[in-house]
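Peer 1: Take a look at the following structure, please.
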Amino acid sequence: MKEANPVKFNLHQHQEHQNGHLAPFKLAKLFDPEASWDKDQLGDVLHWIRQAVAVVLGLLWGAIPLVGGIWFLIFLAISTSIVYGYYAMILKVDEEEFGGHGALLQEGLFASITLFLLAWILVYSLVHF
């Protein structure tokens, strides 16, 4: 009985790797222009980069105390520039394979706007009032 369980576990684990659910991901791939990307992987990476930028800039904008719509537009410009620079200059992917610039630049945009505004308003309100 004890030998049957590891075999079943290894078989189950092997099937999950084939299905792509637990495919190993290496950090070196994030900066390798020769790496192959599928649409979901690249979308996930761009999404989380944008979320990290949103949190950092939201906390920074709230702590400094910046106010006004111009800072929101500056966030959009910075966030979009970082995402564009990452996939076009660092990864050097062919954007047409992934739906064009519009699809790649939209990846995670609305969630990052929400996160940015939440962090900015929360920190500004807690620190300066």
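Peer 1: How do the peptides 101-109, 31-39 rank, highest first, by the average count of neighbouring beta carbon atoms within 10 Å per residue? Display every interim value, and only then the final one.
Peer 2: Working: 101-109: 16.6, 31-39: 11.6.
For the peptides 101-109, 31-39, the packing ranking is 101-109, 31-39.
Peer 1: Let me ask you something else. Once the Cβ-Cβ distance between residue 63 and residue 40 is put in as r, and R0 is 41 Å, what FRET efficiency do you end up with, to the nearest 0.05?
Peer 2: Plugging the Cβ-Cβ distance into 1/(1 + (r/R0)^6) gives 0.75.
Peer 1: Output ³J(HN,Hα) for region 82-88: one whole-Hz value per residue in order, computed from phi by the Karplus curve 6.51 cos²θ - 1.76 cosθ + 1.60 with θ = phi - 60°, and x for Gly and Pro.
Peer 2: 5, 5, 4, x, 5, 7, 8
Peer 1: If the only charges are +1 at each Lys and Arg Cβ and -1 at each Asp and Glu Cβ, what is the size of the charge dipole of region 25-128 around the Cα centre, to the nearest 20 debye?
Peer 2: Values: 5 positive and 10 negative charges, 99 e Å.
So the magnitude is around 480 debye.
Peer 1: Moving on. Would you mind putting 61-74, 44-57 in packing order, based on average other-beta-carbon counts within 10 Å, highest first?
Peer 2: 44-57, 61-74
Peer 1: Further, regarding this structure: Which value in nm describes the separation of the simple spin-label points at residue 111 and residue 72, placed 7 Å from the Cα toward the beta carbon?
Peer 2: Going by the 7 Å Cα→Cβ label model, 2.2 nm.
Peer 1: With a Förster radius of 22 Å, plug the Cβ-Cβ distance of residue 55 and residue 80 into 1/(1 + (r/R0)^6) and report the FRET value to the nearest 0.05.
Peer 2: Efficiency computed from Cβ-Cβ geometry: 0.85.
Peer 1: Rounded to the nearest 0.05, what FRET efficiency is calculated for residue 128 and residue 92 with R0 set to 25 Å and r the Cβ-Cβ distance?
Peer 2: On the way: r = 43 Å, r/R0 = 1.71.
Efficiency for this residue pair is about 0.05.
Computed from the coordinates by the stated procedures, all read-outs in this text should not be read as laboratory data. Keep in mind the model is a prediction, meaning the values are calculated, not measured. Glycine also receives a Cβ, built like all others from the backbone with ideal geometry; neighbour counts cover every protein chain displayed.
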